[in-house]
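All remarks here apply to the structure that follows.
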Amino acid sequence: MADSKKKNYKDLSYDELVAKRAELKKQYMDIRFQAVVGHVDNPMQKRTIRRDIARVETLIHQQDLAKFRAAAAEALAAK
């Protein structure tokens, strides 16, 4: 199941990943507030959303590094 989620996230563009991260963070906050109030249908959902956020943030970071490395390679090639 996690492999299919990774594949789905890997296919997204940078802007889509940033939007997905914001959406997941909002869902996570909603679940946290529900837990405080005392009504959570699936308490394990909190863990899965937190892990999904980490997956998305990892992919965002990888894309940032790729852009940085490409820019550094161009700068070295220009010298």
Inset, instruction - Please report the relative contact order for the chain, taking Cα pairs under 8 Å with a sequence separation of at least 6, and give it as a percent rounded to a whole number. - result: 38 percent
Inset, instruction - Enumerate the residues in the stretch 37-70 having an amide nitrogen under 17 Å from the point lying 7 Å beyond the Cα of Ser13 toward its Cβ. - result: 60, 63-64, 67
Inset, instruction - Go through (i) 12.6, 42; (ii) 17.0, 62; (iii) 13.9, 45 and flag the label whose value is the computed Rg and Dmax of the Cα atoms in Å for this structure. - result: (ii)
Inset, instruction - In whole Hz, with x marking every Gly and Pro, tabulate ³J(HN,Hα) for the stretch 8-19 from phi via Karplus 6.51 cos²θ - 1.76 cosθ + 1.60, θ = phi - 60°. - result: 5, 6, 5, 7, 7, 7, 4, 5, 5, 5, 5, 5
Legend entry - ³J(HN,Hα) computed for each position of the stretch 21-26 - Karplus, 6.51 cos²θ - 1.76 cosθ + 1.60, integer Hz, glycine/proline x: 4, 5, 5, 5, 5, 5
Legend entry - the chain - accessible surface per residue (Å², probe 1.4 Å): 78 Å²
Legend entry - Estimated vicinal HN-Hα couplings, Hz - the stretch 62-79 in sequence order (Karplus 6.51, -1.76, 1.60; Gly, Pro = x): 4, 5, 4, 5, 5, 5, 5, 5, 5, 5, 5, 5, 5, 5, 5, 5, 6, 6
Legend entry - Portion, in percent, of the accessible area of the chain that falls on carbon or sulfur, probe 1.4 Å: 55 percent
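The values are calculated or read from the model by the stated rules, or taken from the named source; none is laboratory data. Given the structure is predicted, the values throughout are model-derived calculations rather than measurements. No Cβ is skipped: glycine too gets one built from the backbone with ideal geometry, and neighbour counts run over all protein chains shown. The accessibility values were calculated without ligands, DNA or RNA, using every heavy atom of the protein model including side chains. Shrake-Rupley method; radii C 1.70, N 1.55, O 1.52, S 1.80 Å.
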